[in-house]
Amino acid sequence: MFSKNRLNYLKYLSVWAFALLLIPGALWAQDSTKTGGGGDVAAGKTLFDNNCQQCHSPGADVIVGPGLKGIMDRRSMEWLIPWVKNSAKVIASGDPYAVKLYNKYNKTAMQSFSLSDEEIKNIFAYVQAYKPGPTGGSEQVDPKGQTANTGSGQSNYFNLVLGVLVFVLILILAVLFLIISVLRRYLNQQENEGKLDEEDKEILHEKFNIGKVLRHPALLGGVAAIFLLVFAQAGLDTLLSVGVQQGYAPTQPIPFSHKLHAGQYEIGCEYCHTGVRKGKNAGIPSANICMNCHNAVKQGSPSMQKIYAAIENNKPIEWVRVHNLQDFAYFNHSQHTVVGGIECETCHGEIKEMEVVQQQSPLTMGWCIDCHRKTVVQGAQDKGDGKAKNAYYDKLLEIHQKDSKKPITVENIGGLECGKCHY
């Protein structure tokens, strides 16, 4: 009876360990859908917004550079990594594809980027995860295919914990199977010496029964736990998405194509949104601004008649607001566009490609905080792009650079203080 009790106990432990091993495996498989198959989509989105979107779109070609849709089908990662790091070097090597691309875009070489291989993989994971938006005119990342609210650090931490858990469970399984093997060897020896009773022999020579294993309470409990965790995570994701209107593209009272006005005719954002570099709000254009062009353009259009009627009746056009922040959240456009030097596309996406404007970014607290943690503070000496200089932080940067090589981010100058965004 000594052998029977202990052998069965070890078998039960093995089944439990295997069932537990299924749980992190299922979670890991589910989390892997967020990585684009070769990188962190959330981290790639941030890197793309900060480094690439001024010239590239994850979709079709733009005026400045080629669109990246389907790039992984055309080029391998072994080709893309050196191209991003130093495109001029790849062109100089005589690579046919690189030379053709260089000539197609008026012999304008892409700037070199000091990015790690992992960061470049993250960027293209984000590009792969990009999907057509609901309006058909622009594209967006499936909210379930990226983790903008959590940041890459949390995703990496989650993977690390799962990895350690899987390793421990595999180690436990290996030890249990080793103990079972030693016990069986011992019992075989006892049987050869005639020291085992019939009940012990029955346990020793018991054949493996897959049906019995599948009906084992430990395995059933493990499967139930997996389903429970999956449903719990789905419920949590649903709760976290409440109030997040990423992809929101309302129908406006007058059809307006940003793709036509901002894209084809290259009308600057601040021409219509006059407060974007001057005030807290970007502002919604009045009918008078429309008339600066449309007093002579498409006068007979039915849509234009609505603008004429608004002017005649002295009643503003009731545009539907697309980007909405909670009343308790403070945001100043001029602080970001002038002081921070942030381009409109960083938050609003490829407006020049949108037939109907939609909310591109989640605009959640986590998204803002993640940006403040990663955005490097720049002074006048850091900007050689011909745009408005900001010397406000020059003295601070000068003092900081004497003692540290680590750049100052918005977080370091109070960007995460509650009072900065909440009254």
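Side notes on the structure shown:
- Residues of region 370-405 that turn out to be at pLDDT 85 or above and either within 23 Å of Thr46 (Cα to Cα) or touching a Pro at 6+ places or on another chain (Cβ under 8 Å) (or both), as a count: 8
- Members of region 95-124 that are of a type in the set (A, V, I, L, M) and part of a loop (DSSP other than H, G, I, E, B): Ala109, Met110, Leu115
- Single residue of Ile351, Ile408, Ile399 found to be surrounded by 13 or more Cβ atoms within 10 Å (Cβ to Cβ) and more than 26 Å from Ser241 (Cβ to Cβ): Ile408
- Unmet requirement for Glu266, which otherwise passes all of (1) over 25 Å from Glu353 (Cα atoms); (2) under 31 Å from the mean Cα position of the chain (by Cα); (3) not basic (Lys, Arg): (1)
- Test: residue in region 232-242 that is touching a Ser or Thr at 6+ places or on another chain (Cβ under 9 Å) and not in a helix (DSSP H, G or I): no
- Among residues of region 399-423, those that are closer than 16 Å to Gln378 by Cβ, part of a helix (DSSP H, G or I) and free of Cβ contacts under 8 Å to residues at least 12 places away in the same chain, counted: 3
- A count restricted to region 274-300 and to residues that are aliphatic (A, V, I, L, M) and not in a loop (DSSP other than H, G, I, E, B) stands at 3.
- Total residues in region 77-99, condition touching a residue at least 24 places away in the same chain (Cβ under 8 Å) and exposed (fewer than 15 other Cβ atoms within 10 Å of the Cβ): 2
- For region 257-266, a residue qualifies if it is farther than 17 Å from Ser303 by Cβ and surrounded by 15 or more Cβ atoms within 10 Å (Cβ to Cβ), and the qualifying residues are Ala262, Gly263.
- The condition (being within 30 Å of Phe256 (Cα to Cα) and basic (Lys, Arg)) is satisfied by just one residue among Lys374, Lys352: Lys352.
The values are calculated or read from the model by the stated rules, or taken from the named source; none is laboratory data. If you're wondering where the values come from, they're calculated on a predicted model, not measured in any experiment. Methodologically, a virtual Cβ is constructed for each residue, glycine included, from the backbone with ideal geometry; neighbour enumeration extends over all protein chains shown.
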